[in-house]
Amino acid sequence: MLKTRLCEMLGIKYPILQGGMAWVSTAELAAAVSNAGGLGIIGTGQALPDWVSRQVRRARELTDKPFGVNVMLLSPHVEEIMQIIIEEKVAVVTTGAGNPGKYIPALHAAGCRVFPVVSSVALARRLERAGVDGIIAEGLESGGHVGELTTMALVPQVVDAVRVPVVAAGGIADGRGLAAALALGACGVQMGTRFMCASECTIHDNVKQMLIKARDRDTVVTGRSTGHPVRVLQNKLSRLFEEMESRCVPPAELEKLGVGRLRAAMQDGDVEMGSVMAGQICAMVSRVQPVAEIIQEVVTGAEQVLKNNWTLVVGE
Ligand code: TUI
């Protein structure tokens, strides 16, 4: 049975976190992942504080297991959302797109574990000094906001730089990915894209079908010129973005074009002019299946790889 120090720290059965994806990981998906032995995480993105409160309460109704909330630090509602997390004593807080340092003391006082997502060694070091409980090291294979390093290059460097548990993210969708992450020194993984096609995931079916059809080179990174590079599945919107960026359209205008696009894709199913954020492993997602089945496949797959690899070590 696969167990790491992450499982003990977070009170979970398997070292698998579900990425906190805005407009994608609602209380339904998060609770299903926690019920299946992983750590489900509600994605809050730019959502209103009231919505976050209701989601946390809904997740509590759906599971008695620990779950987390992801805070996107560029949201205008960060302060109020942190307050809700503290009042509700949410077990785990993950953060994205920024430095959560100033919120750590208050989160710890409420008993929350803090696991920021980072894309560099420097930020991992700084956050360890600020007292975080663990680090999620996310490579550029992931969907959404991305950094500059691959998971393969980033994870071992972060592992060497900090003592707290490191979770690998970006480009992981099956047991081989989990086994590889453990080989790099991580003590768990975070998966996002694979869970988008979970039966319990409430996104529009158009997005699930687009993911199922996607091939290896179907994602692109747009928005580098705005300072917020984002990996998405290629569509009419991403091509328009690329065309505008090639004309050096001012970042403010590009940002304006992006407003409301994630919701349009995930909720309304606009897969042409919506922002279909997804990772490079999209082609490995081939069907809609229940969360419990996804987690069992990943865990047994990793166990098999780890057991078989012993046989590669021969002689002295
Ligand atoms: O946050 C994510 N993925 C996201 S956030 C998002 S919503 C969004 N919408 C428009 C523009 C930007 C974001 C969609 N997907 N992943 C975690 C992540 N965080 N990856 C990289 C980072 C990161 C990047 C820079 C964390 C910290 C950082 O620097 C902060 C600092 O102050 O040094």
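Modelled with pLDDT under 95 and loosely packed, with under 15 Cβ neighbours inside 10 Å: is that true of Leu312 in this structure?
Working: modelled with pLDDT under 95: yes; loosely packed, with under 15 Cβ neighbours inside 10 Å: yes.
Yes; evaluated as a whole, the condition is true for this residue.
What about Thr63, is it within 11 Å of the ligand (Cβ to nearest atom) and hydroxyl-bearing (Ser, Thr, Tyr)? Reasoning before the result, please.
Values: within 11 Å of the ligand (Cβ to nearest atom): no; hydroxyl-bearing (Ser, Thr, Tyr): yes.
Against the criterion (within 11 Å of the ligand (Cβ to nearest atom) and hydroxyl-bearing (Ser, Thr, Tyr)), Thr63 does not qualify.
Determine whether Asn70 is of a type in the set (S, T, N, Q), within 16 Å of the ligand (Cβ to nearest atom), surrounded by 17 or more Cβ atoms within 10 Å (Cβ to Cβ) and under 26 Å from Val259 (Cβ atoms). Quick ask: steps written out before the conclusion?
Values: of a type in the set (S, T, N, Q): yes; within 16 Å of the ligand (Cβ to nearest atom): yes; surrounded by 17 or more Cβ atoms within 10 Å (Cβ to Cβ): yes; under 26 Å from Val259 (Cβ atoms): yes.
Taking the combined requirement at face value, the residue satisfies it.
Within the range 77-189, which helices (runs of 4 or more DSSP H) (wholly inside it) include 1 or more residues that are closer than 30 Å to Leu211 by Cβ?
Values: elements: 78-88, 104-109, 121-129, 151-161, 175-183.
Qualifying helices (runs of 4 or more DSSP H): 78-88, 121-129, 151-161, 175-183.
Tell me, please, whether a residue that is in contact with a Ser or Thr (Cβ under 8 Å, 6 or more places away or on another chain), more than 15 Å from the ligand (Cβ to nearest atom) and not basic (Lys, Arg) can be found in the range 84-99. Walk me through it before giving the result.
Here is the first cut: in the range 84-99, the residues in contact with a Ser or Thr (Cβ under 8 Å, 6 or more places away or on another chain) are 84, 88.
Narrowing the set further to residues that are more than 15 Å from the ligand (Cβ to nearest atom) leaves 84, 88.
Narrowing further to those that are not basic (Lys, Arg): 84, 88.
Among the residues of the range 84-99, at least one is in contact with a Ser or Thr (Cβ under 8 Å, 6 or more places away or on another chain), more than 15 Å from the ligand (Cβ to nearest atom) and not basic (Lys, Arg), which makes the answer yes.
If Pro15 passes every condition in (1) more than 16 Å from the ligand (Cβ to nearest atom); (2) closer than 15 Å to Phe67 by Cβ; (3) touching a strand residue (DSSP E or B) at 6+ places or on another chain (Cβ under 8 Å) but one, which one does it miss?
Every listed condition holds for Pro15 apart from (2).
Kindly indicate whether Glu28 is in contact with an Asp or Glu (Cβ under 6 Å, 6 or more places away or on another chain) and at negative phi.
Working: in contact with an Asp or Glu (Cβ under 6 Å, 6 or more places away or on another chain): yes; at negative phi: yes.
In short, yes.
Looking at the range 110-122, which of its residues are touching a residue at least 12 places away in the same chain (Cβ under 8 Å) and either within 12 Å of the ligand (Cβ to nearest atom) or at negative phi (or both)?
Of the residues in the range 110-122, the ones touching a residue at least 12 places away in the same chain (Cβ under 8 Å) are 110-121.
Ala110, Cys112, Arg113, Val114, Phe115, Pro116, Val117, Val118, Ser119, Ser120, Val121 - these are the residues of the range 110-122 that are touching a residue at least 12 places away in the same chain (Cβ under 8 Å) and either within 12 Å of the ligand (Cβ to nearest atom) or at negative phi (or both).
For the range 81-127, give me each residue that is crowded, with 16+ Cβ neighbours inside 10 Å and of a type in the set (D, E, K, R).
Matches in the range 81-127: Glu88, Arg113.
The values are calculated or read from the model by the stated rules, or taken from the named source; none is laboratory data. None of the values given here were measured: they were computed from a predicted structure. Positions of Cβ are generated from backbone atoms using ideal geometry, with glycine treated the same way; all protein chains shown enter the neighbour counts.
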